[in-house]
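Okay, structure first, notes after.
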Amino acid sequence: MTIDYDQIAGEYAQHRRAYPQLVEHLASLVPPGGTVAEIGCGTANHLRGIAALVECTAVGLDPHARMLEVAASAEAGDRATYVRGTAEDLSVLGIPAGGADLVFSVDMVHYLDDPGVYAAQAWERLRPGGWFCTATDSEWIIRNRLPMTAYFPGTIPLELARHHAIEALEEAYRAAGFTDPGTRVFGEEGTLADATRFRDKANSVMHLLPEDEWRSGLERLEADLARGPVPSNNRTCLLTVRKPL
Ligand SMILES: C[S@@+](CC[C@H](N)C(=O)[O-])C[C@H]1O[C@@H](n2cnc3c(N)ncnc32)[C@H](O)[C@@H]1O
C-alpha cells in the first residue's frame, strides 16, 4: 500500500514539526549565499527553517503537488522555490551541476527502491566539498519509539521492512563516491497528553497498519491518557557524507 500525500497534506502540515536542532545543524552546512536542496520536502518545515536562518537559494522538491502548495503558502515559503519531481532525477531542481552546497532529505529515503540512484543524482548537483545528508529512522529509533511501539507494536515490523538500514545507505553512498560518513541522532523526549496525532494518523505508518490494530491501540492510548500523560519521544538519525574536495 502506498501513501497518498496529496490526500493527507492538510493533516500532515498540522502535525508535522521540524527538528529544531536538525534545522540549525543543516543551516550550519550552508555558507551565506549558498544553495540548498531538500528532496522529498513535503510541506518543507526543514527547508523553510534553514532559509530563515541563512541567506541562501533554497529549492524544495517533492512528487506531491498538494504538499508543495502547503509548503509555498506557509510563512517564509517565499524564501524557497518548489519543484515537482522525484529523487531519481534531480536535474529538475534547476541547480547547475556542481552548484549545491547541501542536498538533504528528512524521512524520505525509505520511499526509494535504490538509494544509490538518488546518491548519484545528488553527487551531480553538489560542489566538491558539498554535503549530502539523510535523516531517517535507524533500527534503534524504530524499536524504541514511544508511545508508538507501546500501543501500536505492529508498526515495528512495518517500519523495519520499509526503512533502509543506516549501514546499507552508507554503503550505497560510498559506492556513489561520497566519503567521511558520520551519524548523529536529533530529537527529544517528553510526554504526550493528547491522542490527536494518532487519531488523525499523522504518521504515515499508521496508514499501513490494519484498521483493527489501529483502533484497539488508539483505545488503549486514550484510556491511559485519561489517567495522565504517557512517555513520548521523537527522534531521527542523520547520516552525513561529503563529496570529496
Ligand atoms: C514523511 S514525508 C517527509 C516530508 C518532509 N521531508 C518532512 O520532514 O516533513 C515523505 C515525503 O517524501 C516524498 N516522496 C515520496 N517518494 C519520493 C520520491 N521518489 N522522491 C522524492 N520524494 C518522495 C513524499 O511525497 C513526502 O512528501
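Where a number appears in this text, it was derived from the coordinates with a stated rule and is not lab data. Worth saying up front: this structure is predicted, and the values here are computed from it rather than measured. Because the Cβ atoms are built from the backbone with ideal geometry, glycine has one as well, and the counts that use them run over all protein chains shown.
With the simple spin-label model, which puts each label point 7 Å out from Cα in the Cβ direction, the D224 to V185 separation comes to 1.9 nm. The calculated FRET efficiency for the pair I3 and A175, based on their C-beta separation and a Förster distance of 41 Å, comes to about 0.90.
Its DSSP H runs of at least 4 residues, each contributing -39,500 (n - 2.57), put the calculated 222 nm mean residue ellipticity of the chain at -10500 deg cm²/dmol, to the nearest 500.
Of the residues A226, A165, A18, the one that moves most in a GNM of the chain with alpha-carbon contacts below 10 Å is A226. Of the two radii for the chain, the radius of gyration is 0.97 times the Kirkwood radius, both from the alpha carbons; that is the Rg over Rh value. Find the Rg to Rh ratio for region 110-184, where Rh is the Kirkwood radius over alpha-carbon pairs and Rg uses the same atoms. Using Cα coordinates only, the ratio equals 1.05.
Taking amide H positions as modeled 1.01 Å from N, with prolines and chain starts lacking one, the residues under 5 Å from Y82 and 5 or more places away or on another chain are G60. The residue list L169, V23, V117 was ranked by how far each Cα lies along the charge dipole of the chain toward its positive end, using unit charges on Cβ atoms, and V23 comes out on top. The H on the amide N of G40, modeled in the peptide plane, is under 5 Å from the matching H of L61, D62, each at least 5 residues off or on a different chain. Packing-based ranking of 55-65, 207-217 yields 55-65, 207-217, ordered from highest to lowest mean Cβ neighbour count within 10 Å. About its Cα centre, the dipole of region 131-245 is roughly 280 debye, where the only charges are +1 on Lys and Arg Cβ and -1 on Asp and Glu Cβ. Of all DSSP-defined beta bridges confined to the chain, some 50% are antiparallel rather than parallel. Of the GluC sites (Glu not before Pro) in region 84-172, the ones in a loop by DSSP (not H, G, I, E or B) with at most 16 other beta carbons within 10 Å are E88.
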